[in-house]
Amino acid sequence: MLGIMKDLAGKTAVITGAASGMGLAFAERFADKGMNIVLADVEVPRLDEAAESVKGRGVEVLAVPTDVSDAEAVEKLRDAAAHGRRIYHEEAAPFQAPGQPPNLGHRRRTDDRAVLL
């Protein structure tokens, strides 16, 4: 269990479904707490707009076009986001692999890094 983090500044959040709605709201809230943000969504023009908006909050932002129904795309997102950082993943767009039960945002910790499930 990761527990509750009190100091989010400088940490990195990966947010799927981040181009609008709750995903964008999560990104803005985490950015306001000083977290670096990795935005993922299939809606590329809106994703780019969201990235520019979140960058205006003074944090590092990476936008990665991602279809969370494509396992390879999710792996590319993970690889793009990680680069030695500790990653915290927030799912505004739930990911469900074919034949698997729904993932409701559960987190797993491995080697001091939270990973996408």
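Observations, loosely collected:
- Failed condition for ARG57, given (1) part of a loop (DSSP other than H, G, I, E, B); (2) at pLDDT 90 or above; (3) farther than 19 Å from GLY21 by Cβ: (3)
- Segment 40-54: number of residues that are within 26 Å of GLY10 (Cβ to Cβ), assigned to a helix (DSSP H, G or I) and touching a residue at least 12 places away in the same chain (Cβ under 8 Å): 7
- Yes/no for SER69 being farther than 18 Å from ALA13 by Cβ and either surrounded by fewer than 17 Cβ atoms within 10 Å (Cβ to Cβ) or touching an Asp or Glu at 6+ places or on another chain (Cβ under 6 Å) (or both): yes
Yes or no, residue by residue, for (1) among the β-branched types (Val, Ile, Thr); (2) at pLDDT below 80; (3) surrounded by 15 or more Cβ atoms within 10 Å (Cβ to Cβ):
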| residue | (1), (2), (3) |
| --- | --- |
| ALA13 | no, no, yes |
| ILE37 | yes, no, yes |
| PRO45 | no, no, no |
| ALA50 | no, no, yes |
| LEU62 | no, no, yes |
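The values are calculated or read from the model by the stated rules, or taken from the named source; none is laboratory data. Note that this is a predicted model, so its numbers are computed, not measured. No Cβ is skipped: glycine too gets one built from the backbone with ideal geometry, and neighbour counts run over all protein chains shown.
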